[in-house]
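Structure first, then comments.
Read-outs: derived from the displayed coordinates by stated rules, not from any lab. Just so it is clear, the model here is predicted, and its values are computed rather than measured. Reconstructed Cβ throughout: ideal geometry from the backbone, glycine too, with neighbour counts over all protein chains shown.
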Amino acid sequence: MWKNKNIEIPKSEPVEVPSDWKEKPFTKEDNPYGGVFAESSFATLFPKYREKYLKEIWPLLKAKLDSYSITADLDLIEGSMCVRTTKKTWDPYMIIKARDLIKLLARSVPFEQAIRILEDEVACDVIQIGSLVRNKERFVKRRQRLIGPNGSTLKAIELLTKCYMLVQGNTVSVLGPYKGIMQCRKIVEDTMKNIHPIYNIKALMIKQELAKDPKLKNESWDRFLPKFKSKNISKRKKPKVIKEKKEYNPFPPQQIESKLDKEIESGEYFLKKSKERQNENKGKNFMKAKEVQEKNSSNDKRSQDYQKNNEKIKKLKK
């Protein structure tokens, strides 16, 4: 424990393995006594369509694992594969490799590629991509983008990372060196996040070329690498005229004067009212005069009728 907090603890930097370094393979002579303390076993299930293929290659797999004193069992009834150690197993880590082997075979990796996992410098990774994208249609499009037309994108990734990749259902199986597996995982995860794999492929190609130059070994490579900018444009149509947001004012705006208020203020309203009254009075006077004329004309007609009747009566009396 560091009691003095002012003392800085030295940070350990990642150790780089030299390119020419090769570890000696672990042989039977390295463990002459052999044997393991307890039996270890691993089992995995496989789909129905893999049954025929596994029956064909199982003798080859058993022969390969027998050389490491590991037994392998194929249960066609339960649909499972099992590997276990024996008392003669001289490489204790080989059971982990055998577990990865049956896991790859269950994920539809061909036997010729899967058997490479038993080598010391080869590892594997099964990347789950089904949960990275919720929308099924979007997931299918991005998975197809990872494969590319006629598998060209996948082939390019394999050549750059020196790994074998297999896209199967909701998983991507990767087999190869440790550094290549890390690169493959990054490419797969970025593709599922809607970053096209071509950006990572370009970056890997540039890095491989820069690694050849000893002058740039200790320099930053960021200026050479392509930078990804997301161009997700919203499908919503933007209005032609964009209104600028005004400054926030806690007080309500001043009420706009109506047409009536403006007429009252200028006095035009009262002039209109007086004219309307005059027009109304003229109309009333006209109607009254008309009524008087009608009454007078009716009275004249009555008097004329009365005179005519009197004249007729007089004539009849004579």
*For the stretch 30-169, list log₁₀ I(q)/I(0) at each q in 0.10, 0.18 Å⁻¹, using the Debye formula over Cα point scatterers of equal strength and ignoring solvent, two decimals each.*
-0.42, -1.08
_Within-14-Å neighbourhood charge of Leu260 [Cβ basis; K, R +1; D, E -1]_ = -1
_Given a Förster distance of 45 Å, report the FRET efficiency between Ser131 and Asp20 from their Cβ-Cβ distance, rounded to the nearest 0.05._
0.65
_Among [x] 4, 13, 16, 19, 20, 16, 9, 2, 0; [y] 4, 14, 16, 14, 11, 6, 4, 4, 4, 4, 4, 4, 4, 3, 2, 1, 0, 0; [z] 6, 26, 37, 25, 5, 0, the entry that matches P(r) over Cα pairs in 10 Å bins from 0, in percent as calculated here_ = [y]
*When the dipole is taken about the Cα centre of the stretch 119-189, and only Lys, Arg (+1) and Asp, Glu (-1) are charged at their Cβ, what size is it in debye, to the nearest 20?*
580
_I'd like the Karplus ³J(HN,Hα) series for the stretch 147-153: coefficients 6.51, -1.76, 1.60, θ = phi - 60°, whole numbers in Hz, and an x wherever there's a Gly or Pro._
6, x, x, 6, x, 5, 5
_Can you work out the Karplus-derived ³J(HN,Hα) for every residue in the stretch 68-83? Use 6.51 cos²θ - 1.76 cosθ + 1.60 with θ = phi - 60°, whole Hz, and x for glycine or proline._
9, 6, 10, 8, 10, 10, 10, 9, 6, 6, 7, x, 9, 10, 9, 10
_Cα-based convex hull, the stretch 101-181, per residue volume (Å³, whole number)_ = 91
*J(HN,Hα) series, the stretch 101-106, from Karplus relation 6.51 cos²θ - 1.76 cosθ + 1.60, nearest Hz, glycine and proline x*: 4, 5, 5, 5, 4, 5
*When the chain is fully extended, how far beyond the present Cα-Cα distance does Lys179 get from Glu219, taking 0.36 nm per residue of separation?*
12.3 nm
*asked:* Students often get this wrong, so check it: of Lys141/Lys245; Lys259/Lys290; Lys64/Lys212; Lys179/Lys212; Lys55/Lys88, which have C-alpha atoms separated by over 28 Å?
replied: Lys141/Lys245; Lys259/Lys290; Lys64/Lys212
*Average Cα contact separation per residue, the stretch 97-253, under 8 Å, 6 or more apart, as relative contact order %*: 20
*Return the Cα extents of the stretch 171-212 along principal axes one, two and three, sorted largest first, each rounded to a whole Å.*
34, 24, 9
*Lys, Arg +1 and Asp, Glu -1 on Cβ, resulting dipole of the chain about Cα centre, debye, nearest 20*: 4020
